[in-house]
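Let me begin by presenting the structure, written as structure tokens, before commenting on it.
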Amino acid sequence: MSEKEEEPQTGEASEPKTPDVAAEETNPNPDPPTTEPSSANNETPVASDKEKKIEVLLKATGDAPIMTKKKWTVPPDKTLGWISEFIKKFIKMGPEERLFLYINQTFAPAPDQTVKNIYDCYGTDGKLIIHYCKSQAWG
Amino acid sequence: MANDREVLREIWEGKVPVCFQLDPEEVYDLQAPDPFYLMVPRLSYFPLCTDKVRKHFMRHVQQEGQDKPENEMWLEFNGIPLKWHIPIGALLDLYHNDIQLPWNIVVHFRKFPEDVLMRCNNKEIVESHFLSCIKEADVLKHRGQLVSNMQKKDHNQLWLGLLNDKFDQFWAVNRKLMEATSDEGFKYIPFRCYISEDKYIQRLVKPLLEDGHRKTLKHLLNELFPNEETASVRTHGIIPSLDAPLQWLSEHLSYPDNFLHLILIT
């Protein structure tokens, strides 16, 4: 996963704030954790050139902490399970805690589903929006 | 749809004989337990029909720490861990070339392959996966409107119909989900086309061509694999005609999760 750009601060104002502020203050590190699942470094040049990375926007919902960076680009063959592990590490969740991902604010994709499949079906305006939360939000 | 109800029934009743055997390295008794034979429904998921298998083999493995979550039962075929969240029939089609019936499956209680399999220590996990697939399929078919207007008891009925192998109970609700909202059919056809056991393709494919004619399986395969002239697929143990209309296939050959699970043959 590589950093796309800093989310404009004005954009944050519209987000639900209450529980997240505290979480962000205790967790101000804007850089990806060094233990994040590695991506580009592991790819062979052929594989990374073959298909364009996909822009992903990660949005917190419910009581999940907001990520200091929300926009990322992800190799298309990565799975939703990989994204879930990445978010968990970024917001410092324990391995035993569960994180739920939602597409279209409707359904939870299978962890082995690829970012490409989900983007091809549910991407909008050139990016894929994924909501994450720590409890089941949309069933 | 009514006239093709027999197709739905035939598909629902598909079963496969499986011979479960405990991994010899995990046998803790002096004597290895007998294999366990079972007819399993193609449309179901392994965790929904292997309670008896677990009970049969539990007595023969190391008792210590048996209830620990890391000692969850998992299944393997030919050295490959079987993904419980793929319907049994789709797994069968995936490994078609290597399988002889009865299907020989190895049962494990140790060394759960975390990197390959999702944990599944209770049936609620299967239920939420199953209902999530139905919701996703409805987003594709009807922009998600039908499933979100359904009541909790309808969702329960779909789940219990699958869990208890009750065709009428399941279809009483599923029939609404399989109704085309217009003459054109579904908005998109929910399908997954497997290239291998860990790779499948899912795209937005409409049931109609630009000129209003019905798309067939051949159109779908041309869209997915423009360079594969001789591609076909296997599903429910058969190779459907490439002239079969997509809308018909979706209504009649979808799994209970409302997706077509098609295995590519080239």
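The values are calculated or read from the model by the stated rules, or taken from the named source; none is laboratory data. Treat the numbers as computed from the prediction; the structure is a model and nothing was measured. Note: ideal-geometry Cβ built from the backbone for every residue, glycine included; neighbour counts use all protein chains shown. Each accessible area value is taken on the protein alone, full model and side chains, heavy atoms only, with ligands, DNA and RNA left out. Shrake-Rupley method; radii C 1.70, N 1.55, O 1.52, S 1.80 Å.
Some values worked out for this structure:
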{"quantity": "Helix-only mean residue ellipticity at 222 nm for the protein assembly as shown, each DSSP H run of n ≥ 4 adding -39500 (n - 2.57), per residue, nearest 500", "calculated": "-8500 deg cm²/dmol"}
{"quantity": "Number of partner chain Cβ atoms within 10 Å, mean per residue of B:94-104", "calculated": "0"}
{"quantity": "13 Å beta-carbon shell around B:Ile238, net charge (K/R +1, D/E -1)", "calculated": "0"}
{"quantity": "Whether region A:84-127 is rounded, prolate or oblate, judged on the alpha carbon gyration tensor where a/c under 1.5 counts as rounded", "calculated": "prolate"}
{"quantity": "Kirkwood Rh in Å, taken over region B:134-179 so that all alpha-carbon pairs contribute", "calculated": "10.5 Å"}
{"quantity": "Cα centroid of region B:223-266 to Cα centroid of region B:44-111, whole Å", "calculated": "27 Å"}
{"quantity": "Shielding of B:195-202 by partner chains, average beta-carbon count, 10 Å", "calculated": "3"}
{"quantity": "Most to least packed among B:174-187, B:241-254 [average Cβ atoms within 10 Å]", "calculated": "B:241-254, B:174-187"}
{"quantity": "Overall form of the protein assembly as shown per C-alpha gyration tensor (a/c, 1.5; a/b vs b/c)", "calculated": "oblate"}
{"quantity": "Relative contact order for region A:53-133, counting Cα pairs under 8 Å that sit 6 or more residues apart, in percent", "calculated": "44 percent"}
{"quantity": "Averaged over B:112-124, number of beta-carbon atoms from partner chains that fall within 10 Å", "calculated": "1"}
{"quantity": "Where the Cα pairs of region B:56-213 fall when distances are cut into 5 Å bins, in %", "calculated": "1, 7, 13, 15, 16, 16, 13, 9, 5, 2, 1, 1, 0, 0"}
{"quantity": "DSSP bridge pairs, region B:1-151: antiparallel proportion in percent, nearest 5", "calculated": "70 percent"}
{"quantity": "Surface share of carbon and sulfur [accessible, 1.4 angstrom probe, percent] for the protein assembly as shown", "calculated": "48 percent"}
{"quantity": "Region A:72-83 - phi-based ³J(HN,Hα) in whole Hz, Karplus 6.51/-1.76/1.60, Gly and Pro as x", "calculated": "9, 10, 10, x, x, 8, 5, 9, 5, x, 5, 4"}
{"quantity": "Beta bridges by DSSP in chain B, antiparallel share as percent, to the nearest 5", "calculated": "70 percent"}
{"quantity": "Interface residues in region B:131-170 - accessible area drops by 30 Å² or more relative to the isolated chain, probe 1.4 Å", "calculated": "B:Ser132, B:Lys135, B:Glu136, B:Val139"}
